[in-house]
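Since every read-out is calculated from the coordinates, none of them should be taken as a lab result. This structure is a prediction, so every number in the text was calculated from the model and none was measured. Every residue, glycine as well, gets a Cβ built from its backbone with ideal geometry; the counts of neighbours run over all protein chains shown.
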Amino acid sequence: MEPNERFSLRTQSMTPAQARDTDIDVGLREYMLKVYNFMASGLALTGVVAYSMTLSQTAMQLIFGTPLFWVVALAPLGFVFYLSSRMDKIQAGTAQTLFWIFSALMGMSLASIFVVYTGTSIARVFFITAGTFAGMSLYGYTTKRDLTGLGSFMFMGLIGIIIASVDNMFLQSSAMQFMISVIGVLVFVVLTAYHTQKIKSMYSAADGHEVATKKAIMGALRLYLDFINLFIMLLHLFGARR
């Protein structure tokens, strides 16, 4: 008997509830794969743009030696707010284009890490980040524990990190930067699991291909930000400066 025939017979022998659960499992896997593909593509684009910037002294001077730096630094934040507030009103294709633009702008703003840190330490920290992220995202996907309360607490910690980081821009305290980085690692590790669980729960509300694609892009954006911020915090702790 052919495999397709065995699958067909097995499907026919299922109860309606079992068949529905099977459809959900397949659909959920495809949905989560789309989320991770968007996120990975965004990270790849960010890395390519960041490295390409370092190959042009003119581009680096234009970005980091002029007020244009503030435009490049703050533009990604504007894209995050816009996508978060307008996702229900824009088309999936538009949302995807904005996500690519956001990823490219993040690459421009992160180009300076190749000047500050050695390439070897950047690669090492990237793989540490990838392993940590994968483990926590897998935990968030598989755990039966509700992470909502923990996620809300970590969000409060994130606000504290932002305030402390702004203060340290003026204080320039290495001790405070170390504490911010340590707490930041903890916050973004937990947020990775929390956001993965939340993205998984969003699948049941994804009615149709258009809505599912937009939710996948929004989920990819959240995980992308968790990954980037975790990477930066770990780079502050373990990166070797030039």
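In terms of surrounding Cβ atoms within a 10 Å radius of their Cβ, Trp70, Trp100 rank from fewest to most as Trp70, Trp100.
Ordering Ala212, Val190, Ile180 by Cα displacement along the dipole of the chain toward the positive end leaves Ile180 in first place; charges were set at the Cβ atoms of Lys, Arg (+1) and Asp, Glu (-1).
For the range 192-242, count all C-alpha to C-alpha pairs, find those more than 17 Å apart, and express that count as a whole percent of the total. Each step should come with its number before you reach the end.
Values: 595 of 1275 pairs.
Pairs farther apart than 17 Å: 47 percent.
Grab the Cα-Cα distance for Thr54 and Met156, subtract it from 0.36 nm times how many residues apart they are, and report the gain in nm with one decimal. Walk me through the numbers on the way to the answer.
On the way: separation 102, 0.36 × 102 = 36.72 nm, distance 3.52 nm.
Contour length minus the Cα-Cα distance gives 33.2 nm.
Which of these, Asp25, Asp88, Asp226, has the largest mean-square fluctuation under a Gaussian network model of the chain (Cα springs below 10 Å)? Answer for the Gaussian network model of the chain: Asp25.
The helix-only estimate of mean residue ellipticity at 222 nm for the chain, built from DSSP H runs of length n ≥ 4 each weighted as -39500 (n - 2.57), is -29500 deg cm²/dmol after division by the residue total.
Among Val185, Val211, Val26, which one shows the highest mean-square fluctuation when the chain is modelled as a Gaussian network with alpha-carbon springs under 10 Å? Maximum among the listed residues: Val26.
Modelled label positions at Ala44 and Leu186, each set 7 Å beyond Cα in the direction of Cβ, lie 3.6 nm from each other. Counting other Cβ atoms within 10 Å as a rough exposure proxy, the listed residues Leu221, Leu83 run Leu83, Leu221 from fewest neighbours to most.
Here are a few candidate values for volume of the Cα convex hull per residue in Å³: (i) 184; (ii) 119; (iii) 162. Which one was actually calculated from the structure I just gave you? It is the one labelled (iii).
Given in Å, the Rg to one decimal and the Dmax to the nearest whole number for the Cα atoms of the range 107-164 are 15.7, 43.
Listing Arg29, Arg222, Arg241 from fewest to most neighbouring C-beta atoms within 10 Å gives Arg241, Arg29, Arg222. Rounded to the nearest 0.05, what FRET efficiency do Leu77 and Lys144 have when you use their Cβ-Cβ distance and R0 = 30 Å? Working from the Cβ atoms, E equals 0.30. Highest average first, the peptides 126-134, 33-41 ordered by how many other beta carbon atoms sit within 10 Å of their residues are 33-41, 126-134. Placing unit charges on each Cβ (+1 for Lys and Arg, -1 for Asp and Glu) gives the chain a dipole about its Cα centre, and among Leu147, Leu83, Phe170 the Cα reaching farthest toward its positive end belongs to Phe170.
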